[in-house]
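As C-alpha cells, the structure follows; a few thoughts come after it.
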Amino acid sequence: MSKTINPDKNSQKHDNRKAVLDVFRKNLVMTVAEAAELCGLSKPTVHRAAEFLVGKELLLPTGKGLSGDEGGKKPILYTFNAGYRHILCFQICSATLLSAVSDMRGKLRAENSVAFRPDTPLEEIMDHMRAACDAMTSALHLRYEDYAAIVVGCHGVTDPEKGTIAGSPYFPSWGLDIPFTERMQALFAPSPPIFIDNSNRYDAIAEMRAGAARGRDSFLVIDGETDGLGAGMVLGGSLWRGSQSLAGEIGHMVVDPTGSRTCDCGGKGCLETMASMNSLVEAARSGYASNKKSLLFARLLPGEISYRDIFDIANAGDPFARRLVEDQARWLAIGIANVTMVADPGLVVLQGPYAHGGDWLLDRIRHFLAGFSLPRTRRRTDITLSTFGRERGLVGGAHVVADSYFADPAIYQ
C-alpha cells in the first residue's frame, strides 16, 4: 500500500526549511540552537531542516562550537553556502557600464568598469556586457551554468514586469519602449533568468540590506548623477514602483514651474535642473567674477571646479561655497518635503555625489525642512549619508536576485 502524504504537512516542512535558510542567509555562523531561537522553531525541527539543507549544499558545516555550561558534546556550526550559485550584475550609468559577479550573499567577487559616450548605441553597450561577463567568468574559474540570474540596473523609466525600458533622458538615441529583457536573452542565450529595474531601486535595496537603512522598512534614497537626480523608495519593506514604474523619478518633480531651464526630459522646472551636480558647478563658475577671493578659486580656474571641490570648501567654511551648497540644499529639501507629505518615508539616504556633501549639506537640508509644510507638527524624517560607493546598485541587484531565487518552493522539496 502506498503511503498517503499530507499536503499541508509537506508544505509546512518546506516553509520550515525556508525559514531556517533565511536565518542562516542573514547570519554568518550559527548552531542549530541559535538558529532555532532566531526563527522561532524547535531545535529538532531546525536540526532536520539543517540536515536537508546540507544535503542540498545550501548549508555547510564549519566546525564545532563551544559546549554549554554543563559541558557535553560540542554543537556543530553551520554557515550559508554563499557560493552555491553566482549572480551576474550590471549597472548602466550615464557614462559608465559597471559589471560584477556576486555570490548569493551580495558580496562582489569580481568587478569591471567601461566608460562610454552618451550617444553610444545600446548594441555596443550590450557587447561590453558580454565581454565583461566572459572575462569575469574566466577569471573566477566559473561556468556559465553557475549563474542563478543576470540583473541589470538602468536609468530611466524601467518596467521590470514587462522587461522594457520606456525611455531614458540619458540615452535618447536608444528610442522608446525598448524590449530590454528580450535583447538580453538573445545576447546570453541560453539565458538564465534576467532581472531589470531602475538602478535607484537597486540602490535602495543595497541600503536596506547592507547600508544606512538596515532595520528600516520605509525610506527614500536620493542619488545625484552629474546631470541628473533619481530616487528609490521602500515602503512597508517593499520597493514602491507605482502603476507606471514612475515612482522615484523625483528629479522630474516640478518645483519651479516658471523656471527657464529645460530638463533633459524636455520639461521645465524639474528638481534636477535646480539641485543636480551640474547646476551646482554652473552656479560656482558663473559666480567667479564677484567671488574671486573665495577659496574655490585660490588654486582652481572656474573651468576646473568639480562638485567635490565645492563640497569640501563649503565644509571648510568658505562663505561663497556655503551659499552654493545652501541653495542646493533648499531645493533638495523642497523635493524631500513633497515626498514626505505623500509617502512619509521616515528616512532619507543621500547617495552618490550627495554623499560627499558632508555636514554642511545635511545641516542646511534639515534647517529648510523644519520650516516647510506643517511646521508645528513634529516630524521624524531622518537625513543621513550613504557609505556605499558606486557599487551600491550592483549589491542591491544581487540581493533582489537572491531573495527571488530562494523564494522558489522547488528548492525546499
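Values computed for the structure shown
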{"item": "Three-way shape call for the stretch 16-55 based on the alpha-carbon gyration tensor, with the a/c threshold at 1.5", "result": "rounded"}
{"item": "Top positive-direction residue, dipole computed over the chain with Cβ charges, set Ile125, Thr273, Val101", "result": "Val101"}
{"item": "Cα gyration tensor shape of the stretch 200-290, rounded if a/c is under 1.5, else prolate or oblate by comparing a/b with b/c", "result": "oblate"}
{"item": "For the stretch 57-133 and the stretch 338-413, distance of Cα centres in Å", "result": "23"}
{"item": "Semi-axis lengths, Å, the chain, gyration tensor of Cα atoms, sqrt of 5 times eigenvalues", "result": "44, 26, 20"}
{"item": "Net charge, Arg17 excluded, C-beta distance under 11 Å - Lys, Arg +1, Asp, Glu -1", "result": "+1"}
{"item": "Rel. contact order, % - alpha carbon contacts under 8 angstrom, at least six apart, the chain", "result": "14"}
{"item": "Within-14-Å neighbourhood charge of Leu176 [Cβ basis; K, R +1; D, E -1]", "result": "-1"}
{"item": "1.4 Å probe accessible area per residue over the chain, in Å²", "result": "48"}
{"item": "Separation of the Ser67 and Tyr144 label points, Cα + 7 Å toward Cβ, nm", "result": "5.5"}
{"item": "DSSP beta bridges in the chain [antiparallel fraction, %, rounded to 5]", "result": "65"}
{"item": "Three-way shape call for the stretch 92-192 based on the alpha-carbon gyration tensor, with the a/c threshold at 1.5", "result": "prolate"}
{"item": "Spherically averaged projected area in nm², based on the convex hull that wraps the Cα atoms of the stretch 293-396", "result": "7.8"}
{"item": "Solvent-accessible ranking of Arg209, Arg261, largest area first, probe 1.4 Å", "result": "Arg261, Arg209"}
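The values are calculated or read from the model by the stated rules, or taken from the named source; none is laboratory data. On a predicted model such as this, the values are computed, not experimentally measured, just so you know. So basically every Cβ, Gly included, is an ideal-geometry build from the backbone, and we count neighbours across all protein chains shown. Surface accessibility is based on the protein's heavy atoms, side chains included, excluding ligands, DNA and RNA. Shrake-Rupley method; radii C 1.70, N 1.55, O 1.52, S 1.80 Å.
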